[in-house]
Amino acid sequence: QNGGFGLVPSPSHQGMFCIFDTEDSAREFINHSALATQYRERSSELFTAMLRVGSARGSWDGVALKADVAMPLNGPIATLTRASIRPAAATAFWRRAPATQDSLQQAPGCKLAVGLGEAPLLRQATFSLWQSTAAMDAYARTGAHLDAIKAAHEHRFFSESMFVRFVPSGAQGTWLGRRYG
């Protein structure tokens, strides 16, 4: 599907999240590493973003991120939501996915949204880039997404989850035909 959300893994969309000690290390990896070079050479589109953690809760494989920059009052933000879905909750979780994706695709202020599965069906992540915190909150705290959040909490859909807001310090490349940076 458009943002990469769905039950069937995509053979053509891949994503990678990396943590670096410094922005210079991140730039070096993006611009000069063998892995990034391979991605550039074999991809018809490639999007990269440099991000600083503005707020975080939860963990990913037991690793928690710590905020190191203040969230802006105005201006762009990015989000990462990652969850390990309990097998017994997978059907209930995925039943809510189409409505949340439909509302996300039409959400004012959403500049980019990508769904990524770390492992099919049970370990999922979403990355999104927003015009502002207000635009992201308007989507996240209303409608189908709010209903999904309430259900996930009430029925304990996740064995582990992480929710991070980032301050972008740079984004470049192309995703679904749209140029960034």
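The values are calculated or read from the model by the stated rules, or taken from the named source; none is laboratory data. Computed from a prediction, not measured in an experiment: that's the story for all the values here. Neighbour counts run over all protein chains shown; Cβ positions are idealised from the backbone, glycine included. Ligands, DNA and RNA are stripped out before the accessible areas are found, and what is left, the full protein with its side chains, is counted by its heavy atoms. Shrake-Rupley method; radii C 1.70, N 1.55, O 1.52, S 1.80 Å.
General remarks:
- Charge-dipole axis of the chain as Lys and Arg at +1 and Asp and Glu at -1 on Cβ define it, positive-most pick from Ala148, Ile19, Gly170: Ala148
- Just checking the listed ones, Leu104, Leu121, Leu146: in the Gaussian network model of the chain with Cα springs under 10 Å, the one fluctuating most is Leu146.
- Just checking the listed ones, His145, His155, His13: in the Gaussian network model of the chain with Cα springs under 10 Å, the one fluctuating most is His155.
- For region 71-158, trypsin sites (Lys or Arg not before Pro) meeting the loop criterion (DSSP other than H, G, I, E, B) and having at most 11 other Cβ atoms within 10 Å: Arg141, Arg156.
- Counting only protein heavy atoms and a probe of 1.4 Å, the accessible surface of the chain is 54% carbon and sulfur.
- Solvent-accessible heavy-atom area per residue, rounded to whole Å², over the chain at 1.4 Å: 60
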